[in-house]
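K.L.:
Provided herewith is a single structure, encoded as structure tokens, for subsequent inquiry.
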Amino acid sequence: MSRGNFGRCAGCGAQIIWIKTKAGKNMPCNTLLVDYKADGGKDKIVLQTGEVVSGTIVSSQDNPDGSGYTSHFATCSNAKNFRRRR
Ligand SMILES: [Zn+2]
């Protein structure tokens, strides 16, 4: 088994990758790797190790601290379909 499992978003049909976080939760992420700076910014970056880092997504020319995935919930065009009401 690889670290991530590819799947498809039930909301918008986009390809996603499931990353198991350190907390033991499977998080749906966008398959595109992004570069980030670990500066405590508002973006949440999910590393391939399952660690979730607060930082800012930057371009590869901008001295990134590393690369990781972004949560698909943040960008899903149908994210509201996921929200469950109790
Ligand atoms: Zn989606």
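The values are calculated or read from the model by the stated rules, or taken from the named source; none is laboratory data. Treat the numbers as computed from the prediction; the structure is a model and nothing was measured. Don't worry about glycine lacking a Cβ; one is built from the backbone with ideal geometry, like all the others, and counts go over all protein chains shown. Ligands, DNA and RNA are excluded from the accessible area calculation, which covers all protein heavy atoms including side chains. Shrake-Rupley method; radii C 1.70, N 1.55, O 1.52, S 1.80 Å.
K.L.:
Looking only at segment 66-78, how many residues end up being within 24 Å of G24 (Cα to Cα) and more than 12 Å from the chain's Cα centre (by Cα)?
P.N.:
The qualifying residues number 1.
K.L.:
Checking D39 against (1) out of contact with any Gly (no Cβ under 6 Å at 6 or more places or on another chain); (2) away from the ligand (no atom under 16 Å from the Cβ): exactly one of these is not met. Which one?
P.N.:
All conditions are met except number (1).
K.L.:
Sticking with this one: Is it true that S71 is within 16 Å of the ligand (Cβ to nearest atom), surrounded by 11 or more Cβ atoms within 10 Å (Cβ to Cβ), closer than 17 Å to N5 by Cα and in contact (Cβ under 8 Å) with a residue 12 or more places away in the chain?
P.N.:
Yes.
K.L.:
Could you list all residues from segment 8-35 that are open to solvent by 20 Å² or more (accessible area, probe 1.4 Å) and part of a strand (DSSP E or B)?
P.N.:
R8, Q15, W18, K20, N26, M27, N30, V34, D35
K.L.:
Among the listed residues I45, I16, identify the single one that is within 16 Å of the ligand (Cβ to nearest atom) and within 11 Å of the chain's Cα centre (by Cα).
P.N.:
Exactly one residue qualifies, and that residue is I16.
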